[in-house]
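Shown next, in structure tokens, is the structure this report addresses.
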Amino acid sequence: MTTNVPTGAMPQSPPRVRPRAPVQRPGRVGEESARVDGVPKVRGEFEYSSDLWMDGMLHGATLRSPHPHAEIRRLDTSEAVEMAGVRAVLTHEDVPGRKVYGMEIPDQPVLAWERVRYQGEPVAVVAADHPETARRALEKIRVEYEVLDPVASAEEAMRDDAPKLHLSGNVLRRVKVLHGDPANAAADVSVSGEYEVGMQDQAFLGPESGLAVPDGQGGVDLHISTQWLHIDRDQVAESLGLAPEQVRLTLSGVGGAFGGREDLSMQIHSCMLALETGRPVRMVYNREESFYGHVHRHPCRMRFEHGATRDGKLAYVKADLVFDGGAYASSSNAVCLNAATFACGPYHVPNAEIESHMLYTNNPPCGAMRGFGAVQACFAHESQMDRLAEALGMDPVDLRLRNAIEPGMRFPFGQEVPHPAPVREILEKVRSIPMPEEQELAGRDLRELPGGVSNVTHGEDVRRGVGYAVGFKNIGFSAGFDDYSTARVTLSVEEGEPLARVHTAAAEVGQGLVTLQAQIARTELGVGRVAVEPADTRVGSAGSTSASRQSYVTGAAVKGACERVRERVFGRVREELGEEGPLTLDGDEVLSGRRFVAPLAEVLGDDEVEETAEYHHRETHPLDENGQGDAHLQFAFAAHRAVVEVDTELGLVRVVEIATSQDVGKVMNPQSLEGQIEGGIAQGLGLALLEEIQVKEGKVLNASFTDYLLPTILDMPRVRMEILELSDPEAPYGLKGVGEPPTISSTPAIVAALRDATGQPLTRIPVKPEQIAGISSKPPDEPPQPGSAGYAEIGRLDERREH
Amino acid sequence: MPGYERAELTAELKVLLSGGDGSRAEIEAAKTAAGDTGLAHEAGPETMVLAGGRGEVLDAVTRVVGAALDAGAGGVELKIEAQGDAPRFGKQG
């Protein structure tokens, strides 16, 4: 036993008080509606999960492997256990239930036992009276490792002689899409290219954090910042050896997610410590630990070949995509599937042969991130379309228009293209947006030149470039998974006025879902006041806040519950007031046409009308062995045009403007929509130019926001947008998910603009200055030093200038 | 366990060592057999999980248990779970 307090002790603190839902006065669907969490966040009053506090709580900390690949020879916690103020030290032996977890494949140890497979893998956890005591206790845990050579890349993992990282080998998934007859497809022109995407981080600002509170009866309440409460609950319960109802989760303030919180971090650890000590335990990762504590965007290498007729019709696409999944599966299966199905882009391709491979390595585990799978594929297929346009002597936008997919056609994975699929329209829209005026370079404000206030150029060698890209992605989960959502709506009179209460388990991660739920309730029930209850597992699952799906699925569930409540109110009006015609609710009143019937408060009286609704979207299906099937629910499309200015000598970039056109089905809240589009573009810009977790031999070299470069407001250009509202007949209000498309094609548009400005091939993202300046096609493994081969290759500045 | 694209069936096998000589040959034999099925992951020092379709998991279980017993294991603890709470279309309760 590795604890120095009695086990099974009653909690020393009462259960955490459930926060009250703030009452909103939202606008209707489609109206501008200020976010209920906006002002508290700006004022610093919003309670994020890292702010959670209870009297008497302990502080948890995690011992992590310093090695990406090693065998654990000995693990000794005795010194740590004896330290004053240390309340528990737990290892894999203390995991009461299943020792592994995983959203798709249970392959990840809660705490490592014989082997560690990535740098930062948890080995032991500690609870102590003070965070510093917990940290010092970690230093007292003795772990003897036998360090092994890491499998440092997906290509290495594929080799026959590579060490097997898991019992069944290193291949996690392979998806093949075979369409038409690619082996015999003829083309007048063909182009090939190899492309590479680096490991991007979600870079959310709120670190992983949570508070576990034992209930004194063997169960536990966990307050946690996550994207999917119910899948967390079920995994936690399984590893704790508890029934799901003994583990209750409540969403605490989430400081950004972008896929990085879809998987577990300290959920099981904090609950284990709380149950062991009988006291609340809070865990908060610091920034460096956060880089080890969540999954990242999959790096990948892609080989593409496109063939086309002389007049620019695509004849075939052949592609091979190899993803580095890192040490554990997380949601890699879905990424592999998405990449395979979106590899051809939103184009009509009569023949295709696509293979997507997902490999285990000793690199950090990768999983969900905004646009998962589609982001990587879009960079490659859009780069190829530009390359093909050049080979054909065509305008790149004209080539895209010539091949734009349309409703009624079939995607290469066999699914019929549903209506609306406005690829042509968004390309034409984005092209028609006036170009930004080209300003004189000389005499400009430094902030408007590449390099900004670093004062590195005054305009010499600065060139402008323009690039276009279009992308698409599935909304919601695919391939046969029923990612339903549940909503409970209660209508009553509080403080003399009708109030609708909405309760779901859907995670608000900053996208504005709480406001949207209130707008829907306001619209459907005609009430001025709405309170959205904190998300928790006391209501049925809402699925994950990912894949741009919550507005669609939870929006539909809230709408459905409101409709049921409304029908019960109408039933009462008909029964009690003898009304027979069609009724509506508006302005806290019951109306018949425009005629006032009764105040809603009077109809409700002291009663509560409560209804719960589940929304299940239409069925999807897994792909068959040739990668064919109706796998996806909904498709969202966006096009981007980037205008950049590049200092071609120093490789510095200023993105002047991003223009975009996106079909959103229905603008639910204009302010939120603009925020999603601008935020998505910022993340796309980051991937194009800045953001990469540098991993060498399995070790992360830049686990800080000093070294992991993020775009700031100074890097963000003006964004001009043309929004299409082409209603999806199957979706609530006709809406489409909007969160991911802005990220997907903004990146290749920026890179296309860089190519236009520099003439460099730029086949790897993020694009680094040395690629832009033509020094190297990819970042050097080591920084060049005088006398090194790299230094000689770069040469002296004045010599380079002459080339 | 619910989840996105979770397996239809999982089988957790814990190999019970036969003697106190510190030999783990039974476990290694079981791990090798499990690995060969293409369905396996480690789930503890003596434990592995097989996950996949019903038929392939049940078939794999026979082979892994056989390998462990052939190598001298004193027994194999087996826990099989149907992923009934992983909702698939047309199958939710």
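Table for the structure above
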quantity	calculated
Single match in B:Ala29, B:Ala73, B:Ala67 (criterion: modelled with pLDDT of 95 or more, in contact with an Asp or Glu (Cβ under 8 Å, 6 or more places away or on another chain), more than 9 Å from chain A (Cβ to nearest Cβ) and crowded, with 16+ Cβ neighbours inside 10 Å)	B:Ala29
So A:Val39, is it free of Cβ contacts under 8 Å to residues at least 40 places away in the same chain and over 30 Å from B:Ala43 (Cβ atoms)	yes
Meets criteria (touching a Pro at 6+ places or on another chain (Cβ under 8 Å), surrounded by 20 or more Cβ atoms within 10 Å (Cβ to Cβ), assigned to a strand (DSSP E or B) and touching a residue at least 60 places away in the same chain (Cβ under 8 Å)) for A:Val143	no
The range A:101-122, subset among the aliphatic types (A, V, I, L, M) and crowded, with 24+ Cβ neighbours inside 10 Å, residue nearest to the other protein chains (Cβ to nearest Cβ)	A:Met103
Residue under evaluation A:Ala368, criteria (1) small (Gly, Ala, Ser); (2) surrounded by 17 or more Cβ atoms within 10 Å (Cβ to Cβ); (3) under 26 Å from A:Ala773 (Cα atoms); (4) in contact with a Gly (Cβ under 7 Å, 6 or more places away or on another chain), criterion not met	(3)
Residue within the range A:541-552 that is closer than 20 Å to A:Pro732 by Cβ and surrounded by fewer than 24 Cβ atoms within 10 Å (Cβ to Cβ) present	yes
Answer residue from the range A:287-306, given it is out of contact with any helix residue (DSSP H, G or I) (no Cβ under 9 Å at 6 or more places or on another chain) and more than 19 Å from A:Leu359 (Cβ to Cβ) and is surrounded by the most Cβ atoms within 10 Å (Cβ to Cβ) among those	A:His294
Complete set of residues in the range B:11-26 that are within 12 Å of chain A (Cβ to nearest Cβ) and among the hydrophobic types (A, V, I, L, M, F, W, C)	B:Ala11, B:Leu13
Residue tally, condition farther than 15 Å from A:Lys99 by Cα and either more than 10 Å from every other protein chain (Cβ to nearest Cβ) or surrounded by fewer than 20 Cβ atoms within 10 Å (Cβ to Cβ) (or both), over the range A:233-252	10
Residue satisfying condition, being in contact (Cβ under 8 Å) with a residue 60 or more places away in the chain, over 21 Å from A:Arg117 (Cα atoms) and buried (at least 21 other Cβ atoms within 10 Å of the Cβ), within set A:Ala61, A:Ala80, A:Ala34	A:Ala80
Selection from the range A:719-759 of residues that are part of a loop (DSSP other than H, G, I, E, B), of a type outside the set (Gly, Ala, Ser) and surrounded by fewer than 20 Cβ atoms within 10 Å (Cβ to Cβ)	A:Glu725, A:Leu726, A:Pro729, A:Glu730
Residue check, A:Arg98 at pLDDT below 95, touching a strand residue (DSSP E or B) at 6+ places or on another chain (Cβ under 7 Å) and within 13 Å of chain B (Cβ to nearest Cβ)	yes
Number of the condition not met by B:Tyr4 [criteria: (1) within 7 Å of chain A (Cβ to nearest Cβ); (2) modelled with pLDDT of 90 or more]	(2)
Residue ID - nearest to A:Leu111 (Cα to Cα), chosen from residues in the range B:38-58 that are over 10 Å from the mean Cα position of the chain (by Cα) and within 7 Å of chain A (Cβ to nearest Cβ)	B:Gly44
Residues of the range A:481-515 that turn out to be part of a strand (DSSP E or B), within 14 Å of chain B (Cβ to nearest Cβ) and under 12 Å from A:Thr554 (Cβ atoms), as a count	2
Flag if A:Val189 is more than 30 Å from A:Lys696 (Cβ to Cβ), away from chain B (no Cβ under 14 Å) and modelled with pLDDT of 95 or more	yes
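Let's see how each residue does on (1) in a loop (DSSP other than H, G, I, E, B); (2) of a type in the set (Asp, Glu); (3) under 21 Å from the mean Cα position of the chain (by Cα):
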| residue | (1), (2), (3) |
| --- | --- |
| A:Ala642 | no, no, no |
| A:Val656 | no, no, no |
| A:Leu673 | no, no, yes |
| A:Ile677 | no, no, yes |
| A:Leu685 | no, no, yes |
| A:Ala703 | yes, no, yes |
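The values are calculated or read from the model by the stated rules, or taken from the named source; none is laboratory data. This one's a predicted model, so the numbers in the text were calculated from it and none came from an experiment. Counting neighbours? That spans all protein chains shown, and the Cβs are built from the backbone with ideal geometry, glycine included.
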